[in-house]
1. Limited to the range 83-116, what total is found for residues that are of a type outside the set (S, T, Y) and in a helix (DSSP H, G or I)?
2. Mind listing whichever residues of the range 84-116 are surrounded by 13 or more Cβ atoms within 10 Å (Cβ to Cβ) and acidic (D, E)?
3. Restricting attention to the range 46-60, report how many residues are of a type in the set (D, E, K, R) and farther than 19 Å from S146 by Cβ.
4. Please name all residue pairs, on different chains or six or more residues apart, with Cβ atoms under 8 Å, provided the first residue is in the range 130-146 and is farther than 16 Å from D64 by Cβ and the second residue is part of a loop (DSSP other than H, G, I, E, B).
5. Yes or no: Y177 in a helix (DSSP H, G or I), modelled with pLDDT of 95 or more and out of contact with any Phe, Trp or Tyr (no Cβ under 9 Å at 6 or more places or on another chain)?
6. Take A114 and tell me if it is more than 16 Å from the chain's Cα centre (by Cα), aliphatic (A, V, I, L, M) and within 24 Å of G149 (Cα to Cα).
7. When the residues of the range 89-134 are filtered to those that are in contact with a Lys or Arg (Cβ under 6 Å, 6 or more places away or on another chain) and basic (K, R), which remaining residue is farthest from A183 (Cα to Cα)?
8. For T176, work out the one condition from (1) hydroxyl-bearing (S, T, Y); (2) buried (at least 20 other Cβ atoms within 10 Å of the Cβ); (3) more than 22 Å from G67 (Cα to Cα) it doesn't fulfil.
Amino acid sequence: MLGLQLPTDRRWADLIKNDLAELLTDHAWCEQKAASNAISMIVRYPELSALVTELTRIAQEELDHFGQVVAHIHERGWVLGPERKDNYVNELMQFIRKDGDRYERLVDRLLFSAMIEARSCERFKLLTEECPDEALRKFYGDLMVSEAGHYAIFIGFARKHGGKVDVDARWKQFLTYEAQVIARYGTKATMHG
């Protein structure tokens, strides 16, 4: 799905079935971080008007998703736990270029964002099949569509602003790196755990 080289091990679904409260708390914080990521790119590239417009919409949507996840937590009588560290995302972040011009770094930031959306979309699909909670299965189906849209937007802007970067080749590098990273995860009841 979406070019991912290594699918999520279905044993991850067994983990989340046993700890939906942990999954939802971690997921809520992932949505907050996605909104912050979009805002961060707006701050770095305010001159790219079309990008600013789309990232503003994405940030608002991600924050809305945060609120929806929190509502699901509260509906079940649970509370939002503290923010979780996302080692998967932190490892992906290490792959982002620190050198090159600011547009080369933008391309990498956009591909990093697309990568997270692609993996989230894949995990949401699995949740629509495996989650024991019917309301959450529908919720994750809706989010899967949203994440796929975000993925396409990030890839599209990477291509638009790629300049001298071979975006397709760089995306393949991201996919290969991500497969190595995700192979070490899937052992916790968290979105990327």
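1. Of the residues in the range 83-116, 19 are of a type outside the set (S, T, Y) and in a helix (DSSP H, G or I).
2. Correct list: D86, E91, E104, D108.
3. Qualifying residue count for the region: 1.
4. Every condition considered, the pairs that remain are E130/R10; R137/C131.
5. Spelling it out, it is not the case that Y177 is in a helix (DSSP H, G or I), modelled with pLDDT of 95 or more and out of contact with any Phe, Trp or Tyr (no Cβ under 9 Å at 6 or more places or on another chain).
6. Taking the combined requirement at face value, the residue does not satisfy it.
7. R105
8. (2)
The values are calculated or read from the model by the stated rules, or taken from the named source; none is laboratory data. Please read all numbers here as calculations on a predicted model, not as lab measurements. Cβ: placed from backbone, ideal geometry, glycine included. Neighbour counts: every protein chain shown.
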